Amino acid sequence: MSETFRKFLRTLPDFPSDLPGFNPAKSPQDPALLFKQWLDDALAAGESQPHACSFATVDGSGRPSSRMLILKNIDDDGWHVATARTSRKGRELSANPHAALNFYWPSLGRQVRVAGSVVELSAEASARDWAERPRSDGSSNSDWQLYAIRPAEIEFWQASNDGAHVRHRFGPDGVLPG
Ligand SMILES: Cc1cc2nc3c(=O)[nH]c(=O)nc-3n(C[C@H](O)[C@H](O)[C@H](O)COP(=O)(O)O)c2cc1C
């Protein structure tokens with residue numbers, strides 16, 4: 001079984017043959033603007049939920065876990081996501097307010113990683129997010145919490161079929177070398 005499965009996995013497709021280029025020097029210097037460009041590109045390429053990302057937290061013993069979340073906004077507070085405060089990730093964030101996001105758009109061979117500390121946004125902003133959910137029924141939910149990740153690092157990664165993948169990294173103060 002494991003040998004058959006190993007061989008099967010080897011038959012699955014790599015990145016598409018037609019990938020966009022990425023020249024960081026000709027890209028927006030503001031990572032939020034670059035992200036919005038890449039999100040638009042992903043949507044245009046047919047990605048159906050380009051605003052979905054994996055969201056990793058750690059428990060009190062430093063053990064990681066991750067799950068998918070929807071990005072709600074990017075502003076001066078950071079990158080917004082929302083969830084129940086009493087969920088596993090909500091409890092983990094109370095104990096250790098740090099998280100990592102990872103977006104992946106397979107049709108473009110692009111990945112964006114974001115990691116940093118996490119703050120809780122206001123009850124008003126959280127209530128608005130709850131009310132604006134696609135399946136909202138007009139109810140309120142005091143457990144719903146909007147969080148902002150304040151990036152300590154952001155990495156834009158573009159796959160290339162010649163193996164010369166491009167990494168473009170930002171720290172809190174701007175572009176990082178290499
Ligand atoms: C594409 C996608 C988007 C999701 N978006 C959210 C979200 O924005 N907020 C949320 O609480 N759960 C969302 N979920 C469900 C979470 O992945 C997760 O199952 C749930 O929040 C419980 O996680 P936890 O037990 O680790 O706290 C989403 C799942 C998928 C597959």
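List of remarks:
- First in region 69-92 and touching a residue at least 60 places away in the same chain (Cβ under 8 Å) and in a loop (DSSP other than H, G, I, E, B), second anywhere and crowded, with 16+ Cβ neighbours inside 10 Å and of a type in the set (D, E, K, R), Cβ under 7 Å, 6 or more apart: Lys72/Asp129
- Condition met for Asp129 (of a type in the set (Asp, Glu), out of contact with any Gly (no Cβ under 8 Å at 6 or more places or on another chain), farther than 15 Å from Met68 by Cβ and loosely packed, with under 14 Cβ neighbours inside 10 Å): no
- Tally, over region 110-126, of residues that are more than 15 Å from the chain's Cα centre (by Cα) and surrounded by 13 or more Cβ atoms within 10 Å (Cβ to Cβ): 5
- Pairs where the first residue, in region 16-31, is part of a loop (DSSP other than H, G, I, E, B) and the second is surrounded by 11 or more Cβ atoms within 10 Å (Cβ to Cβ) and β-branched (Val, Ile, Thr), C-beta under 6 Å, 6+ apart: Phe22/Val166
- Across region 32-42, the qualifying residues are those that are farther than 22 Å from Pro97 by Cα and either in a strand (DSSP E or B) or in contact with a strand residue (DSSP E or B) (Cβ under 9 Å, 6 or more places away or on another chain) (or both), and the one among them that is farthest from the ligand (Cβ to nearest atom) is Leu34.
Here, each number is a calculation from the coordinates, and none is a lab measurement. Everything numeric here is computed off the predicted structure, so don't read it as measured data. FYI the Cβ positions are ideal-geometry reconstructions off the backbone, even for glycines, and counts take in every protein chain you see.
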